[in-house]
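The values are calculated or read from the model by the stated rules, or taken from the named source; none is laboratory data. Small disclaimer: the values here were computed from a predicted structure and weren't measured. FYI the Cβ positions are ideal-geometry reconstructions off the backbone, even for glycines, and counts take in every protein chain you see. Ligands, DNA and RNA are excluded from the accessible area calculation, which covers all protein heavy atoms including side chains. Shrake-Rupley method; radii C 1.70, N 1.55, O 1.52, S 1.80 Å.
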Amino acid sequence: MATATTIAKLPKHVGQTVTLSGWLYNSRSSGKLAFLILRDGTGLCQCVLEKTDANAELFQTAKRLGQESSLVVDGQVRADERAVGGYELIVGDLRVVQNVEGYPISPKAHGTEFLMNHRHLWFRSKRQWAILRVRSTLVDAIRRFYNDRDFVLIDTPIFAPSAGEGAQTLFEADYFGDTVYLAQTGQLYVEAAMMAHRKVYCFGPTFRAEKSKTRRHLTEFWMVEPEIAYADLDDVIELAEDFVCEIVQRVLRDHRAELELLGRDLNKLENITKPFYRMTYSDAVDLLHGDRAREKFESDLAAAKSRVEQLSKEINEKEAERTAQGTKKWKVEKLAQEIADAREELTDAEELVRNIPHHMELAANFEWGSDLGGSDETVIARLHDRPVFVTHYPAACKAFYMKRNLNDPRVLDCFDLLAPEGYGEIIGGSQREDDLDILLERMKEENLDTAPYEWYLDLRRYGTVPHGGYGLGVERTLAWICGLKHIRETIPFARMMGRIYP
Ligand code: 4AD
Ligand code: MG
């Protein structure tokens, strides 16, 4: 009897006969041999079926199986360095659960819109598979970090009576005739819980009606938000620093193979160690006005221009070869894929060439008091090889609950953590305003009606203490760790402006 196992466990079964169950990822065959690449959720394995007198019918069936057919295979495990995954199966028998015809996602190129519309199937592709495995570990690492340090998990509500961040990005819901909102943050609620448990965190989905279609914005994303009592801004920053180091190192330890498959430069992640850089918002403004930022923009622009040239040339050459007479069919397909990839990269490079001059202008004319934009964050982060804490933003840029700085009342005791390589803000946090009168003043400045926040104000009336916390967005962090261009691949089913299906 063959032992049922999975591809990930094949190293333990070399020489034995096992049963694998999965789906056909890809296949090719010659007159006497069929190579079936099986996918079983844990990995890929090449299954080799040799045609004999006894199995002619089975061989014909195997040869004709369509991509993503579900099947169960018995065979002997053999170590083979050349095979995908390092092992192969010499097939003895094969049972087809379902033979599939016309699977929509073929190995040839598809546009992103098409793939996003087929997200429920796109999952099965290698890269998507790798990303969501890393996500699962990232989420585990996040929970472990706080659980190991005796934080108490507090689940905060999703229906909220009032705004937690800015009023511009609220999703409304009808709550038995009353207008309520989908939670933008759990923070105000974890502040209440912090007064009971000292160190707490919430971790769940949050919602923002972001009307911009950027690479960094989802309308539904996951955020972890720790909150600690008797803490000042430095305490919060130190926690964030330890946290980011630990989750990055954990993913690196457990997912080298997946990160390599994604083409991630592992050195850049290995470099994520303490201490991170720290600068104030005012320093950041000087940096944007200075030569280093301008030079960075200029060299980026030059690089993008030469990339455009190089890619255009490459595409023309490949196009000529693809359409030339006598090019083999497999080569035509391979070239078509390469051309599609190059075109996508070309679009990105052309976009950079168009945008960088504008970004340069924004940076050079940046005025103290406005919020850092995506391109500003990108250039600041790109001038550093480790994450950067930007602290003490002007009050007008940030939420009402952040603590006003005692020495310079124009600014807040707050920070954003910018990930390197241009990934931008992955954490926003602050010490909280613990003084009832100043908090009321801030709410007035922001035109916030205090009535729905009375419960929150009670926290300043009964035993107020210095405290603070932050929120880390899972998807932006994962995009950075995996080196992805766009946030849409970091969550199983992305919700963005213009995207709610599937
Ligand atoms: O800076 P934000 O808005 O902070 C808060 O919500 C605070 N209440 C957190 C706290 O102090 N407890 O958001 C925190 C993080 C951002 O740094 C980013 O990583 C992520 O949440 N984020 C988004 N991710 C994807 N799509 C969006 N639209 C996001 N908006 C914020
Ligand atoms: Mg923020």
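Tabulated results
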read-out	value
Cα-based shape type of the stretch 164-263, given that a ≥ b ≥ c are square roots of the gyration tensor eigenvalues and the cut on a/c is 1.5	oblate
Accessible surface of Arg208 - all protein chains present, 1.4 Å probe, nearest 10 Å²	40
Accessible carbon and sulfur surface of the chain relative to its total accessible area, %, 1.4 Å	50
Accessible area expressed per residue, the chain, with surrounding protein chains retained (probe 1.4 Å, Å²)	49
Percent of Cα pairs exceeding the 22 Å cut-off, where the set is the stretch 3-98	17
Rounded Å value of the spacing that divides the Cα centres of the stretch 249-322 and the stretch 11-76	40
Anisotropy class of the stretch 48-207 from Cα gyration tensor, a/c 1.5 cut	prolate
Glu338, Glu227, ranked by accessible area, largest first (probe 1.4 Å)	Glu338, Glu227
Net charge of Cβ neighbours under 11 Å - reference Glu227; Lys, Arg +1; Asp, Glu -1	+1
Cα-centre dipole for the chain with unit charges at Cβ (Lys and Arg positive, Asp and Glu negative), debye to 20	2440
Gain on full stretching of the segment that runs from Phe171 to Tyr230 - 0.36 nm per residue minus C-alpha separation	17.9 nm
Cα gyration tensor, the stretch 295-356 - rounded (a/c under 1.5), prolate or oblate	prolate
25 Å Cα-Cα reach of Lys12 towards lysines, excluding residues that sit fewer than 8 places from it in its own chain	Lys126
Cα long-axis angle, helix 329-364 against the chain (0 to 90 degrees, to the nearest 10)	10
Ellipsoid equivalent to the stretch 357-502 - semi-axes via the Cα gyration tensor, in Å	31, 21, 15
Listed residues Gly92, Ala8, Gly75: farthest to the positive end of the dipole of the stretch 3-98 (Cβ charges)	Ala8
Within the stretch 255-330: Cβ-based charge dipole about Cα centre, in debye rounded to nearest 20 (Lys, Arg +1; Asp, Glu -1)	300
At q = 0.12 Å⁻¹, base-10 log of I(q)/I(0) for the chain (Debye sum, equal scatterers on each alpha carbon)	-1.16
